[in-house]
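Everything below concerns the one structure shown next.
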Amino acid sequence: MNEMTQQDWPELDWNHWRDTAIGLQLRCQIVGKVRLALTPWLNHSWHVPFYLTARGWTTSAIPCGSRILQIDFDLIGDAVTFATSDGATRSIALAAGTIADFHRAVVAALEALDVAGALRHHLLRDDLIARMMPKAVGRRPALSVAVVVALAACVAAFFTGSWRYRGHAETPLPSQPLPSPVSTPDVPLAPASPTPTPEASASPTPSPSPSATPTSAAVPVRSWKLAPGGTLGFHTVYSGEAINGRFTRWTADIQFSPDDLAHSKIAVDIDLASVSSGDSERDDTLKGDDFFGVGAHPKAHFAATRIRKQGNGYVADGTLDLAGASKAVPVSFTLKIDGNHAQASGTATVKRLSFGVGKGQWSDASTIPDGIAVSFRFAADAK
């Protein structure tokens, strides 16, 4: 075996890398909570350590329902990689920034891999909580209650972000700047009633084309084709727990001109079976007869009957067909047009009970509010 020399293992000056060390430790705590929650209990907590690899360290295999999850810290590539046994992967940057930003990126990666729901169910289902406890604890009710409370606190801290994670900003290693964060999937992490972006709010009315003049003729109604990457999401609360979801398949037929609102038209079709809330069991419930009833009503349809200017934006007064019912729903939106390219974002509130969405035990508005916040953002190009 070769002896390690001073060059192989150089001395580390704590004052030189203190911020980086603290940042890594806090990031490891966030990932470690995932492993703590999902891995069956072993004596002396042997189920929670990280293991060294050639490039950093790893959680090793974490059971996640019928799949296996593994999370690797790659210190050479400055990345944290999430991989599941079905071949899905996500990667986020191990970069300078706040711990809160890293926490949000971890949650987004877990949501994209449909792991966040399994993490929550693993702790909330009694049989799985019991399986995580040592047998001795399970036989002693007082200790059992204490462990359940501790586990619940752990999950609450993970999903909401511990206060001590916020505001921490780390500096990159002096020898090598850390890269910019890797983009994460477009999964909503905040309540889906977003404030319009500065670009949208600052330019609520269409921008004239470069060739336009104050005396140019009004722009006629044009057809617009959605560009890839748009989002259609919703936000609600279930027993105090925030739920952010989206629909991954939807289309829009847009005939629009800010100069001719009377002849402008908007129609949107949503494939309700494409609902995604980060929890496959909840998604199946939403597709069932108590909610959307996709077997009988696979799509929702919105058609604007009138589009009007309001303040810095517009309102599309229209009819929403959902779960076999039709109701009037106004949709507020802002718009920015630059030549043949447009960007739009908006919000609406859907009263679910008037559509019969949430029957039986789900009809209690104190458990799930009647008003569901819907938000969207997309780009479009003139045909």
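Among residues belonging to region 306-322 that are under 29 Å from Gly295 (Cβ atoms) and surrounded by 21 or more Cβ atoms within 10 Å (Cβ to Cβ), point out the one that is farthest from the chain's Cα centre (by Cα). Filtering first and then ranking leaves Gly318. What number of residues in region 240-268 are buried (at least 16 other Cβ atoms within 10 Å of the Cβ), within 26 Å of the chain's Cα centre (by Cα) and under 22 Å from Gly318 (Cα atoms)? Adding up the residues that qualify gives 5.
A Cβ distance below 7 Å, combined with a sequence gap of six or more or placement on separate chains, defines the contacts here; from region 319-339, residues that are touching a residue at least 12 places away in the same chain (Cβ under 8 Å) reach residues that are loosely packed, with under 13 Cβ neighbours inside 10 Å and among the aliphatic types (A, V, I, L, M) in the pairs Thr319/Ala328; Gly324/Ala296.
Residues Leu272, Leu320, Leu261: which one is assigned by TED's automatic domain parsing to the domain that holds Gln361, among the aliphatic types (A, V, I, L, M), over 26 Å from Val115 (Cα atoms) and in contact with a His (Cβ under 9 Å, 6 or more places away or on another chain)?
On the way: Leu272 fails: over 26 Å from Val115 (Cα atoms); Leu261 fails: in contact with a His (Cβ under 9 Å, 6 or more places away or on another chain).
Every option except Leu320 fails the conditions.
Annotation note: of Ile62, Ile68, the sole residue that is surrounded by fewer than 18 Cβ atoms within 10 Å (Cβ to Cβ), touching a Ser or Thr at 6+ places or on another chain (Cβ under 6 Å), outside the structural domain of Gly278 (by TED's automatic domain parsing) and not basic (Lys, Arg) is Ile68. With respect to the conditions (1) surrounded by fewer than 16 Cβ atoms within 10 Å (Cβ to Cβ); (2) at pLDDT below 95, Asp283 falls short on a single one, namely (1).
Among the residues of region 62-94, just one is touching a residue at least 24 places away in the same chain (Cβ under 8 Å) and of a type in the set (Asp, Glu), namely Asp78.
Could you tell me which of the residues Val350, Val357 is of a type outside the set (Gly, Ala, Ser) and in a loop (DSSP other than H, G, I, E, B)?
On the way: Val350 fails: in a loop (DSSP other than H, G, I, E, B).
Unique residue meeting the criteria: Val357.
The values are calculated or read from the model by the stated rules, or taken from the named source; none is laboratory data. The model shown is predicted, which means the values in this text are computed figures rather than measured ones. Don't worry about glycine lacking a Cβ; one is built from the backbone with ideal geometry, like all the others, and counts go over all protein chains shown.
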